[in-house]
Amino acid sequence: MNNAVLAEGLAKRFGETRALDGVDLAAPAGSVLGLLGPNGAGKTTAVRILATLLEPDSGHAEVCGHDVVRDAHRVRQLIGLTGQYASVDEMLTGAENLLLIGRLLGQSRVDARKRARDLLERFNLTDAANRAAKTYSGGMRRRLDLAASLVGRPRVLFLDEPTTGLDPHSRLDLWQVVRELVADGVTVLLTTQYLEEADQLANEIAVVDHGRVIATGTPAQLKARTGAQPLVVRPADAADLAIVTSIVHDLTGAVPTVDGAKVTASVTDPAVLPAVVRRLDDADVVVAELALRDASLDEVFLSLTGHKAAAETDTSDLERTSA
């Protein structure tokens, strides 16, 4: 298989902090690799090494077959990078930002202007092209930032938590842009702590915790690893909540989680569902919701690490300032 991104045994320390501890990654060309983990897990450090902004203490990494240390200049010609925070010049207009980058990449003035126009149109920024970037909304700035990373037509795009701070509508817009880029053959390495984002976009996911990859697979494969499915029951009458909780506890053997009027428990035997239905019917309990669903990536992460994806202290500042 042709891997556009390949990392083997990447390790990196910042003083006494081990940011990466032998990370292996592989992203086939034209796919999305999701790098999933909490703040401080090492995701940004991995991206900075792959984007030639940091050198690893040990290990080996390639982008499109080029070593990120020995062939750093060539790698930079093949990649685009959008970091956690929009890096556009707020005093320049949207068009000027893209034109500047095009010229810095060696494009002629004519080619740079055409590329800027095309990207502004693609990202629905044409109407704001001549406005200073400081007047843009958060979603518009992120779109401009992503457009800037595409000026050089990269074959590999690194997106480091690109939807942090965006509203739901802007997040959905950015997801659609990523899908379109992959359809055009671009390889995307996406770091995120939004598990839904990884579920929606990634062909393959690598779960990172404490600088190590602790699990890899497709979203479906990772969900299957939990060996359990959440049973969700919500009575139509909140007064029946105690009865529902008791029935679920009796039949699953697990202590249910009660969230508002919803009772949830992990189930390993699908036969529990019809048993719950019979017991609820015998108790004359009417339910508004009853489902046995697939595990979410949030539940997968919790089962793998013992904590939620956003549970750790943020060390991204350390990663950024130690380059």
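The values are calculated or read from the model by the stated rules, or taken from the named source; none is laboratory data. Quantities reported herein were computed from a predicted structural model and do not represent experimental measurements. Quick reminder, even Gly has a Cβ in these numbers, built from the backbone with ideal geometry, and neighbours come from all protein chains shown. These accessible areas exclude ligands, DNA and RNA; they are computed on the full protein's heavy atoms, side chains included. Shrake-Rupley method; radii C 1.70, N 1.55, O 1.52, S 1.80 Å.
Restricting the stretch 129-151 to residues that are over 29 Å from Ala61 (Cβ atoms) and part of a loop (DSSP other than H, G, I, E, B) leaves a set whose member that is most open to solvent (accessible area, probe 1.4 Å) is Asn130. Might you check whether a residue that is surrounded by fewer than 17 Cβ atoms within 10 Å (Cβ to Cβ) and either in a helix (DSSP H, G or I) or touching an Asp or Glu at 6+ places or on another chain (Cβ under 8 Å) (or both) occurs anywhere in the stretch 152-165? No.
Please give the strands (runs of 3 or more DSSP E) falling wholly within the stretch 252-303 in which 2 or more residues are open to solvent by 30 Å² or more (accessible area, probe 1.4 Å) and in contact with a Lys or Arg (Cβ under 8 Å, 6 or more places away or on another chain).
Working: elements: 257-259, 262-267, 287-292.
It comes to 287-292.
Consider Val63 carefully, then state whether it is of a type in the set (A, V, I, L, M), without any contact (Cβ under 8 Å) to a residue 24 or more places away in the chain and out of contact with any Lys or Arg (no Cβ under 8 Å at 6 or more places or on another chain). When the stated conditions are applied, Val63 does not pass them.
Restricted to strands (runs of 3 or more DSSP E) entirely inside the stretch 24-126, those with at least 3 residues that are under 26 Å from Gln176 (Cα atoms) and open to solvent by less than 20 Å² (accessible area, probe 1.4 Å) are 32-36. Kindly check whether there is at least one residue in the stretch 189-197 that is exposed (fewer than 14 other Cβ atoms within 10 Å of the Cβ), charged (D, E, K, R) and not in a loop (DSSP other than H, G, I, E, B). Among the residues of the stretch 189-197, at least one is exposed (fewer than 14 other Cβ atoms within 10 Å of the Cβ), charged (D, E, K, R) and not in a loop (DSSP other than H, G, I, E, B), which makes the answer yes. Here the stretch 225-251 is the region considered, the condition is being of a type in the set (Gly, Ala, Ser) and in contact (Cβ under 8 Å) with a residue 24 or more places away in the chain, and the residue that is surrounded by the fewest Cβ atoms within 10 Å (Cβ to Cβ) is Gly227. For the stretch 1-16, which residues satisfy the criterion of being open to solvent by 40 Å² or more (accessible area, probe 1.4 Å), assigned to a strand (DSSP E or B) and either among the acidic types (Asp, Glu) or touching a Ser or Thr at 6+ places or on another chain (Cβ under 7 Å) (or both)? Across the stretch 1-16, the qualifying residue is only Glu8.
Can you pull out every residue in the stretch 279-298 that is of a type in the set (Asp, Glu), within 19 Å of Ala236 (Cβ to Cβ) and in contact (Cβ under 8 Å) with a residue 24 or more places away in the chain?
Glu289 - this is the single residue of the stretch 279-298 that is of a type in the set (Asp, Glu), within 19 Å of Ala236 (Cβ to Cβ) and in contact (Cβ under 8 Å) with a residue 24 or more places away in the chain.
With respect to being out of contact with any His (no Cβ under 7 Å at 6 or more places or on another chain) and surrounded by fewer than 16 Cβ atoms within 10 Å (Cβ to Cβ), Gly211 falls outside the description. Given the condition modelled with pLDDT under 95, under 20 Å from Gly80 (Cα atoms) and not β-branched (Val, Ile, Thr), answer yes or no: does some residue in the stretch 20-27 qualify? Checked the stretch 20-27: no residue is modelled with pLDDT under 95, under 20 Å from Gly80 (Cα atoms) and not β-branched (Val, Ile, Thr). Selection of the stretch 66-111 for residues being free of Cβ contacts under 8 Å to residues at least 12 places away in the same chain and in contact with a strand residue (DSSP E or B) (Cβ under 6 Å, 6 or more places away or on another chain) yields only Arg74.
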